[in-house]
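Comments concern the structure below.
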Amino acid sequence: MAPATPTRREILLVVVLYFSLRLLTHKSDTSVSNPLTTSTHATSSPSANDSTYHHISHYLDAHLTWGSSPVPQTRVLSHAPGWTVFDKLYVLKGV
């Protein structure tokens, strides 16, 4: 049986993904080292100048409070094998 030819939707999806990845992987700053070719120790901490670290740590250090009201309940919006979409999912210390 011959394989089916790709539909216009599939071709468009591949083109959009290709250009999205090209845009995301384009390096505008040549001073950034490639993490795959740079050897680092597992115990090394991010440098104080690392803007990505500070950007991410800003969100990780956010503390939410609800006062006297109960914590909002997490809802499962959608589920398929390998994928689950949650609404109002909160994580504290990795659990």
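The values are calculated or read from the model by the stated rules, or taken from the named source; none is laboratory data. What you see is a predicted model; the values in this text were computed from it and never measured. SASA here: full protein model, heavy atoms, side chains in, ligands and nucleic acids out. Shrake-Rupley method; radii C 1.70, N 1.55, O 1.52, S 1.80 Å.
Please list 3J(HN,Hα) in residue order for the range 75-92, calculated via the Karplus relation 6.51 cos²θ - 1.76 cosθ + 1.60 where θ = phi - 60°; whole Hz, with x for glycine and proline.
Calculated HN-Hα couplings, in order: 10, 8, 7, 7, 8, 9, x, x, 9, 9, 10, 9, 10, 6, 9, 10, 10, 10 Hz.
Working out 0.36 nm times the residue gap between S78 and Y90, then minus their Cα-Cα distance, what length gain in nm do you get to one decimal? Provide the component values of the computation, followed by the final result.
Details: separation 12, 0.36 × 12 = 4.32 nm, distance 1.71 nm.
Going from the current span to full extension adds 2.6 nm.
Rounded to the nearest 10 Å², what accessible area does F19 show when all protein chains are kept and the probe is 1.4 Å?
130 Å²
Working out 0.36 nm times the residue gap between L64 and H26, then minus their Cα-Cα distance, what length gain in nm do you get to one decimal? Before the final figure, lay out each step's value.
Working: separation 38, 0.36 × 38 = 13.68 nm, distance 3.52 nm.
Fully extending the segment from L64 to H26 adds 10.2 nm.
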